[in-house]
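Structure, as structure tokens:
The values are calculated or read from the model by the stated rules, or taken from the named source; none is laboratory data. What you see is a predicted model, and the numbers here were worked out from it, not measured in a lab. Counting neighbours? That spans all protein chains shown, and the Cβs are built from the backbone with ideal geometry, glycine included. With ligands, DNA and RNA removed, areas are computed over all heavy atoms of the protein, side chains included. Shrake-Rupley method; radii C 1.70, N 1.55, O 1.52, S 1.80 Å.
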Amino acid sequence: MLSRREALDFLLDAARAVDGVENVPTLEANGRVLAEDVLSTLDVPSADNTQMDGYAVRAADCAGGSATLRVAQRIPAGSVGQPLEPGTAARIFTGALIPLGADAVVMQEQCEAVGDSVTVRHTPREGEWIRRTGEDIVAGSVILPAGTRLRGQELGLAASVGLAKLPVRRRLRVAVFFTGDELAMPGEPLAPGAIYNSNRFTLRGLLENFGCEVRDFGIVPDSLEATRATLREAAQGHDLIITSGGVSVGEEDHIKPAVEAEGRLNMWQIAIKPGKPLAFGQVGEAFFLGLPGNPVSSFVTFLLFVRPFLLRLQGVSGPVEPGGYMLRADFNWTKADRRNEFLRVRINSAGGLDLFPNQGSGVLTSTVWGDGLVDNPPGNPIAAGDLVRFIPFAELQH
């Protein structure tokens, strides 16, 4: 069996970013991936301004620690003041431009205003409470590199330098279908031996979270001919095909021979639990990923393998694997497996991790109850109090 690391490295080495660049409004670019470096069109701040409500002064006029100055002007944010004459002060408000001649701002709490005068009870240094031109961003500098997946803070940064549109890679086009004559859709009656197709909802929801354009081919009958026909159609105009079920080697598992007939395939047994079977290949110009049919296995293999592969296809250049962090296990796990286990856990009120009691690959309730996964190395028992690597679902679903 391949290790998780070996399988993931193979996938990431094969991934190539999609072609096609769109200039989209910055307000509509959330979740998209930059196709080019984004440069600032201006300095930020664009001019010296105050960080505080207070009084703009000449520091030399206040060198004695207590100085009474005439308040010659009032400068709210968005207006431009007059040059500051010696022996005067300007009432100034956060974000307002520093008037010519002023070299410091004294916060209002250190001043006492009476009529048209102010007594400054502080010895300011030059530059105090002044934001300097370009101290945050210099015009012409790269503020967002190509390959950045845009979040709210990146959109805000782009907007802060006046960028109304951003160059992003086109959305990833993904085809999905599901194999198994036993599958039924919610709302339909369940025949003996049938199950509802939960994977269709889980996988589509995950793909939509990543901003993919999803075409759903639905449930495909358990026959080689139907599977091949769906694969051919799914390969047209899509970057990736994802299936669930049929990736084992039983008589009713048709994914392997169908993909081999229409393209090429690597069938892997991966040393993880839940999971294990994973198929990777190509049909026409589209990549192919076949996930196991058990609901939790499908969910976990998506998070561990499909997610980083998707991000690379979308053009993300930085890390695509979740970091995780160490937390205390408040449970015992004595039946260590020879595979790399991913245990469904929840953070408790004491800051430790509780284990869902049933870790079966068909127990979908564990994925809703839990906050994330414990990445447990092969052959590793866990005793209460041990530190374990925790990967929150929040890091795995965006």
Given 181-192, 4-15, 289-300, the highest-first ranking by average Cβ count within 10 Å works out to 289-300, 4-15, 181-192
Positive end of the charge dipole of the stretch 247-318 (Lys, Arg +1 and Asp, Glu -1 on Cβ, about the Cα centre): tell me which of Gly284, Ile255, Pro295 has its Cα farthest that way. Pro295
Quick check: net charge around Leu304, other residues with Cβ under 10 Å of its Cβ, Lys/Arg +1 and Asp/Glu -1? 0
If packing is taken as the average number of other Cβ atoms within 10 Å across a peptide's residues, how do 116-127, 164-175 rank, most packed first? 164-175, 116-127
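May I ask you to order 349-358, 147-156 by the average number of other C-beta atoms within 10 Å around their residues, highest value first?
On the way: 349-358: 14.0, 147-156: 15.8.
Descending packing order for the listed peptides: 147-156, 349-358.
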Cα centroid distance between the stretch 22-62 and the stretch 195-233, in Å? 45
Descending Cα extents along the principal axes, the stretch 298-390, whole Å: 41, 27, 27
If you average 1/r over all unlike Cα pairs in the stretch 22-104 and invert the result, what Kirkwood radius do you get in angstrom? 15.3
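With +1 on each Lys and Arg Cβ and -1 on each Asp and Glu Cβ, and nothing else charged, work out how big the dipole of the stretch 91-173 is about its Cα centre, in Debye to the nearest 20.
Value, rounded to 20: 1120 debye.
If you place +1 on the Cβ of every Lys and Arg and -1 on the Cβ of every Asp and Glu, how big does the dipole about the Cα centre of the chain come out, in debye to the nearest 20? Kindly include the intermediate steps, with their values, before the conclusion.
On the way: 37 positive and 47 negative charges, 58 e Å.
Dipole magnitude for the chain comes out near 280 debye.
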Can you tell me the relative contact order of the stretch 247-398? Whole percent, Cα pairs under 8 Å, sequence separation 6 or more. 22
Using a 7 Å offset from the Cα along the Cα-to-Cβ direction at both Val24 and Arg232, what is the distance between the two label points in nm, to one decimal? 3.4
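What does the convex hull of the alpha-carbon atoms of the stretch 130-244 project to on average, in nm²?
On the way: hull surface 44.4 nm².
Averaged projected area of the stretch 130-244's Cα convex hull equals 11.1 nm².
Mind putting a number on the dipole of the stretch 178-254 about its Cα centre? Charges go on the C-beta only, +1 for Lys and Arg and -1 for Asp and Glu, and I need it in Debye to the nearest 20. Walk me through the numbers before you get to the answer.
Numbers: 5 positive and 13 negative charges, 49 e Å.
Roughly 240 debye, rounded to the nearest 20.
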Projecting the Cα atoms of Thr41, Asn380, Thr133 onto the charge dipole of the chain, where Lys and Arg contribute +1 and Asp and Glu -1 at Cβ, the residue farthest towards the positive end is Asn380
Which angle between 0 and 90 degrees, to the nearest 10, do you get for helix 4-14 versus the longest principal axis of the chain when only C-alpha atoms count? 80
The aspartates and glutamates whose Cα lies under 19 Å from the Cα of Lys335, excluding any fewer than 8 residues away in the same chain, are Asp354, Asp375, Asp386
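Hey, how much of the P(r) for the chain falls beyond 29 Å, as a percent of Cα pairs? Spell out each step's value before the answer.
Numbers: 46616 of 79003 pairs.
Tail fraction, whole percent: 59.
Of all accessible surface on the chain at a 1.4 Å probe, what whole percent is carbon and sulfur?
50
Using the reciprocal of the averaged 1/r over all distinct C-alpha pairs, how large is the Kirkwood radius of the stretch 230-300 in Å?
So the Kirkwood estimate lands at 12.1 Å.
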Calculate for the chain the 222 nm mean residue ellipticity that helices alone would give, adding -39,500 (n - 2.57) per DSSP H run of length 4 or more and normalising by residue count, nearest 500 deg cm²/dmol. -5000 deg cm²/dmol
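Nearest 5 is fine: what % of DSSP beta bridges in the stretch 156-265 come out antiparallel, could you say? Spell out each step's value before the answer.
Details: 0 of 13 bridges.
Beta bridges within the stretch 156-265, antiparallel portion: roughly 0 percent.
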Students often forget the sequence filter, so: which aspartates and glutamates lie under 16 Å Cα-Cα from Lys256 once same-chain residues fewer than 8 apart are removed? Asp222, Glu225
Hey, got the Cα dimensions of the stretch 115-166 along the principal axes, in Å, largest first? 54, 23, 17
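How big is the Rg/Rh ratio for the stretch 36-164, C-alpha atoms only, Rh by Kirkwood, two decimals? Walk me through the intermediate numbers first.
On the way: Rg = 17.7 Å, Rh = 15.9 Å.
Expressed as Rg/Rh, it is 1.12.
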Two-decimal Rg/Rh of the stretch 160-202 from alpha-carbon positions, Kirkwood Rh? 1.41
Projecting each Cα onto the charge dipole of the chain (Lys/Arg +1, Asp/Glu -1 at the beta carbon, about the Cα centre), which of Gln397, Val174, Gly162 comes out farthest on the positive side? Gln397
I want the local charge near Gly352. Using Cβ-Cβ distances under 11 Å, sum +1 for each Lys or Arg and -1 for each Asp or Glu among the other residues. -1
